[in-house]
Amino acid sequence: MLKIFVITVVFNGAADIEKTIRSVINMSGDIDYIVIDGGSTDGTVDIIKKYQDRMICWISEKDNGIYDAMNKGWAIAPDDSYVLFLGAGDTLLSLPQEPNLSNADVIYGRVRIGSERICSSTIDFKLRFCNTLHHQALLVRKAISPQPPFDTDFRIYADFDFNQRLYLKGARFAFSETFWATALPGGVSDRVNYTEYYKVVRKNFGIFAALQVFILEPSLRIYKFFQKRVFNR
């Protein structure tokens, strides 16, 4: 059985945090849970306290952004665990049940966004240009990156950067049919910042790949539009 460590990062998320917490603590399996709060003032902390006996710990303090908070959570996770990040409003529906997944470094599933859109993560050449992995259904073995992995110089796409680095270092990926989560639409990375996008790609794949992204930008914009508005993917 996989040892899973779930981290929720939240700031002023009182309207959404409770359903996220309940989706985790009601899940069966070897699961530990923590919440990293950024110093909320809207009642989020009161909701966290209601469930604190079901958590390993929780923290409420100011941070330097979402990826700084995610790094704090990663530092707490045991080295022999698989780490999963769920934001306030995201929910865990089911965990991987397939045998022989313990050899994988990264296990990925599917994410339902809103009421209709389904995102299926993929591992192929497209990860050079797009973040094809969705963190709500993404378990990463901490031992593959013992130190906190998110580059806080990236304010929007530090998860994209980490996913590319996992791919480049030869991490073993495995898809799980039984791994499902939900996500609220309109997350941080939905606000496209192509300047930072180019920087991530250039950092990991070089200037030529970044230029390809620049050339393909109109196609990427069209793809993202149809992905969100037309295709049930």
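Structure summary
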{"item": "Number of the exception - LEU166 against (1) modelled with pLDDT under 95; (2) open to solvent by less than 50 Å² (accessible area, probe 1.4 Å); (3) of a type in the set (A, V, I, L, M, F, W, C)", "result": "(1)"}
{"item": "Filter result (under 14 Å from the mean Cα position of the chain (by Cα) and buried (at least 20 other Cβ atoms within 10 Å of the Cβ)) within the range 120-133", "result": "SER121, LEU133"}
{"item": "Matching residues, the range 198-233, being among the aromatic types (Phe, Trp, Tyr), out of contact with any Cys (no Cβ under 9 Å at 6 or more places or on another chain) and either modelled with pLDDT of 55 or more or in a helix (DSSP H, G or I) (or both)", "result": "TYR198, PHE205, PHE208, PHE214, PHE225, PHE226"}
{"item": "Hits in the range 14-37 (condition: open to solvent by 10 Å² or more (accessible area, probe 1.4 Å) and of a type outside the set (A, V, I, L, M))", "result": "ASP16, GLU18, LYS19, ARG22, SER23, ASN26, SER28, GLY29, ASP30, ASP32"}
{"item": "Per-region count, the range 147-184, residues closer than 19 Å to ILE31 by Cα and not polar (S, T, N, Q)", "result": "3"}
{"item": "Evaluation of PHE175 against (1) modelled with pLDDT of 75 or more; (2) of a type in the set (A, V, I, L, M, F, W, C); (3) more than 26 Å from LEU84 (Cα to Cα); (4) open to solvent by 60 Å² or more (accessible area, probe 1.4 Å) (one fails), failing number", "result": "(3)"}
{"item": "Strands (runs of 3 or more DSSP E) completely within the range 1-67 that count 3 or more residues being closer than 17 Å to LEU139 by Cα", "result": "3-10, 30-37"}
{"item": "Flag for PHE85 being touching a His at 6+ places or on another chain (Cβ under 9 Å), hydrophobic (A, V, I, L, M, F, W, C) and touching a residue at least 40 places away in the same chain (Cβ under 8 Å)", "result": "yes"}
{"item": "Residue pairs meeting the criteria (Cβ under 9 Å; at least 6 apart or on separate chains; first at positive phi, in the range 23-51; second surrounded by 13 or more Cβ atoms within 10 Å (Cβ to Cβ) and among the aromatic types (Phe, Trp, Tyr))", "result": "GLY39/PHE11"}
{"item": "Qualifying residue in the range 121-131 (condition: in contact with a Ser or Thr (Cβ under 7 Å, 6 or more places away or on another chain), among the hydrophobic types (A, V, I, L, M, F, W, C), more than 22 Å from ASN26 (Cβ to Cβ) and in a helix (DSSP H, G or I))", "result": "no"}
{"item": "Per-region count, the range 89-102, residues open to solvent by 30 Å² or more (accessible area, probe 1.4 Å) and either in contact with a strand residue (DSSP E or B) (Cβ under 8 Å, 6 or more places away or on another chain) or of a type in the set (Val, Ile, Thr) (or both)", "result": "4"}
{"item": "Odd one out for ARG117 among (1) modelled with pLDDT of 95 or more; (2) open to solvent by 20 Å² or more (accessible area, probe 1.4 Å); (3) not polar (S, T, N, Q)", "result": "(1)"}
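The values are calculated or read from the model by the stated rules, or taken from the named source; none is laboratory data. On a predicted model such as this, the values are computed, not experimentally measured, just so you know. FYI the Cβ positions are ideal-geometry reconstructions off the backbone, even for glycines, and counts take in every protein chain you see. These accessible areas exclude ligands, DNA and RNA; they are computed on the full protein's heavy atoms, side chains included. Shrake-Rupley method; radii C 1.70, N 1.55, O 1.52, S 1.80 Å.
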